[in-house]
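What follows is one structure encoded as structure tokens, with my remarks underneath.
The values are calculated or read from the model by the stated rules, or taken from the named source; none is laboratory data. Computed from a predicted model, the values in this text were never measured in an experiment. Ideal geometry is used to build each Cβ from the backbone, glycine not excepted, and the neighbour counts take in all protein chains shown.
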Amino acid sequence: MKPITQSRAVAHVAARVPAKALWMLMTATVLLLAQAIAATAQMMPNTFADLAERVSPSVVNITTSTTIEGRANDGPQGIVPEGSPFEEFFREFQDRRNNGPRPRRSSALGSGFVISEDGFIVTNNHVIEGADEIMIEFFSGAELPAELIGTDPNTDIAVLKVTADLPLPFVAFGDSDKSRVGDWVMAIGNPLGQGFSVSAGIVSARNRALSGTYDDFIQTDAAINRGNSGGPLFNLDGDVVGVNTAILSPSGGSIGIGFSMASNVVTNVVDQLIEFGETRRGWLGVRIQDVDEDLAAGIEGLDEAKGALVSDVPPGPAADAGIERGDVIVTFDGKDVEDVRGLVTTVGNTPVGKAVRVVVIRNGRSETLMVTLGRREEAEAQSQPASAEPEATPDEPMELDNMGVTLSNLTDDVREGLSLGADLEGVVVMAVDEDSEAYAKGLRQGDVITEAGQDKVTTVSQMTAKIAAAKEGGRKSLLLLISRQGDSRFMALPIQ
């Protein structure tokens, strides 16, 4: 028998199928195709209007006001020459005219969002840090004063509270762990003081660590600018998956690299701030380091480069439980330990006082120990000396060799001239050569460098030491955390 080709077979079957049944089959096929197209359309929205309309009433603008103490004039500059016999006379005249040093007011703008109908609001710590007055503007235009409930500088999160006559519109946190690279997200905030503004983009990367111990940032290309700090990052369900915190930019404006603290970190912090007014993180009490391939090869019983190697065990919960130097922690409270960062985050999110099982590799064998966690904040407070002498460093500005950058310690005079808060610490950029690579990367006069190489810096000598160490390590740039007009941003400073 001659074989039947595929086309002949289809025609042969179609000839035997009644016309009505064939029509029903074709209709069902069209419906399936329509459903597939609709599902694709949901994944690729052609508008964010409905989502923006639904969640915008829960987003707020935040205006802070800070009193900056005035300073007495050092002398009647510009009136008489220094050392003149009339100098004291004119100084007294100025004091009488000005009635002494006058305090000044400084204001800043940011964003936030309401998380409960009774008025709890989440924002960034750096938005309200040092403020003595906080005013909340709602989407409707109404304004209410806010009370500060608590802050966490480690994650840059703060919780505020307003009292309203009626229940407030609010939004819920989503599960940031379910956000995938490529998912659509939408940011709402108060960029550059322009009022409520919406921008959209995608999740560009996950689990970014910038400079903090508990960092878990979502990177997005949704436009984030100054003033967006503290605002929400939404998924398409209208749930908050991140709190917009920082941008990486050579110009100070958005170039599509923004960072939002993941909601799964934020929710734990917010819950503690609302309940206690402060964070209460678990503390294991060990000094640890990552296990690389070379270390793994030399550790008996460790088959792969993972876990956290204990380098020291000071007095604390781990020492009490019998953890020893040289142990490799591979499991904590039933969770596998991949590296130091993962262990620190897991321990910090575990309740204080909880007894947990810790599995370690010791002398080629696995051992399980029970550890009752302490509180990290108390341990850190006890580890700080009662009084520490400030590092003696020159107050004169210092020019960095071949970099076109002049730095200065953050003295009282500089702090007053730049209207900087008393709590801000760092090194001030006094001048930047416009032909330098530093200027091209976005460093500007008046910037305050608060971190270099993910370590805090408070003096010029510390900054120069970090640059020297980076050069010796063969690095071409040094990651800086910059504070500019109340906003923080990261910047790579070329050093070679």
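Here are the numbers:
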quantity	calculated
Members of segment 337-353 found to be without any contact (Cβ under 8 Å) to a residue 24 or more places away in the chain and either farther than 15 Å from Val286 by Cβ or charged (D, E, K, R) (or both), listed by number	Gly353
Options Thr368, Thr350: the member that is hydroxyl-bearing (Ser, Thr, Tyr) and assigned to a loop (DSSP other than H, G, I, E, B)	Thr350
Subset of segment 359-377 that is more than 30 Å from Thr155 (Cβ to Cβ) and of a type in the set (Gly, Ala, Ser) - its residue that is modelled with the lowest pLDDT	Gly364
Options Ala187, Ala200, Ala205; residue that is under 22 Å from Ile128 (Cα atoms) and assigned to a strand (DSSP E or B)	Ala187
Segment 44-67, residues that are in a strand (DSSP E or B) and closer than 16 Å to Ile188 by Cβ	Val59, Val60, Asn61, Ile62
Contacts under 8 angstrom Cβ, first residue in segment 354-383 being at negative phi, partner of a type in the set (Ser, Thr, Tyr) and assigned to a loop (DSSP other than H, G, I, E, B), 6 or more apart	Val356/Thr350; Leu373/Thr350; Glu377/Thr279
In segment 246-269, the residues that are over 29 Å from Pro351 (Cα atoms), in contact (Cβ under 8 Å) with a residue 40 or more places away in the chain and out of contact with any helix residue (DSSP H, G or I) (no Cβ under 9 Å at 6 or more places or on another chain)	Ile247, Leu248, Ser249, Ser251, Gly252, Gly256, Ile257, Gly258
From Asp336, Asp312, Asp271, Asp327, residue being modelled with pLDDT of 90 or more, in contact with a Lys or Arg (Cβ under 6 Å, 6 or more places away or on another chain) and at negative phi	Asp327
All strands (runs of 3 or more DSSP E) inside segment 408-496 with 3 or more residues being modelled with pLDDT under 80 and out of contact with any Gly (no Cβ under 7 Å at 6 or more places or on another chain)	477-484, 487-494
Residues located in segment 227-259, provided they are on the phi < 0 side of the Ramachandran plot, in contact with a strand residue (DSSP E or B) (Cβ under 9 Å, 6 or more places away or on another chain), surrounded by fewer than 23 Cβ atoms within 10 Å (Cβ to Cβ) and not aliphatic (A, V, I, L, M)	Asn235, Asp239, Ser249, Pro250, Gly253, Ser254
Out of Ile202, Ile218, Ile224, Ile188, sole residue that is more than 24 Å from Val269 (Cβ to Cβ) and either of a type in the set (A, V, I, L, M) or surrounded by 22 or more Cβ atoms within 10 Å (Cβ to Cβ) (or both)	Ile202
Segment 220-245 residues that are free of Cβ contacts under 8 Å to residues at least 12 places away in the same chain and outside any loop (DSSP other than H, G, I, E, B), paired with ones that are buried (at least 24 other Cβ atoms within 10 Å of the Cβ) and charged (D, E, K, R) (beta carbon under 9 Å, 6 or more apart)	none
Options Thr213, Thr163; residue that is in a loop (DSSP other than H, G, I, E, B), β-branched (Val, Ile, Thr) and in contact (Cβ under 8 Å) with a residue 60 or more places away in the chain	Thr213
